Amino acid sequence: MNRLARMWRTLFPRHGSVARPSDHVQGGLLVFVLLLALAALPVAASFGSETFVRQQGRSAQETSERTLVTATLLADGPELTVSPRSGITGNGAPTDATWVLPDGTRRVGRVVADEGTRKGYTLPIWVDAAGNPVDPPLSSAAVVIDAAGVGLGLWLAALILLAVAYRLSVFFLNRLRYARWQQEWFAGQDRTTHS
């Protein structure tokens, strides 16, 4: 609360206050930084929106070009790997499998099978127009997360940059104030020693 009150007094010094010109400069800088932070919000939202549209188009294209089919393993998947610290670990590995394309063509190839899977196990895979296994299409949730991440990330980066610039400005203003106080103090000392 004390910090907010100090910020308020910096922005709006009371009538008859002992605010120095540098205090007014600092208050003006604070207002400017706050306005820039507010102005950065729609800019960041615009970038997030553009990312959303671009990713949504990519998702639609990938969904139209890829098909979900069921693959049947022709061999056992990789053996389970057990770690004494964390239990079962590891990832899948390429394993021979077969799948049927929408046009009825049977394909044989390698798909990523989880550890411990056995011959005959079925798993869903995505294939491209040529029937080759590919990554799943970009999901709607991933589109939203990407867009929100871009927009929020840009705005937070702008806020951090503005906060650093403001703190540096206050640092230099404080150095100027301290130098001025020191000059005034030495001038006051000179007057008292010459009196």
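Laboratory data are not the source of any read-out in this text; all were calculated from the coordinates shown. Please read all numbers here as calculations on a predicted model, not as lab measurements. Methodologically, a virtual Cβ is constructed for each residue, glycine included, from the backbone with ideal geometry; neighbour enumeration extends over all protein chains shown.
Before moving on, here are some points about what is shown:
- If R0 equals 35 Å, the separation of the Cβ atoms of residue 76 and residue 141 corresponds to a calculated FRET efficiency of about 0.60.
- For residue 71, distant residues with modelled amide H under 5 Å away: 123, 125
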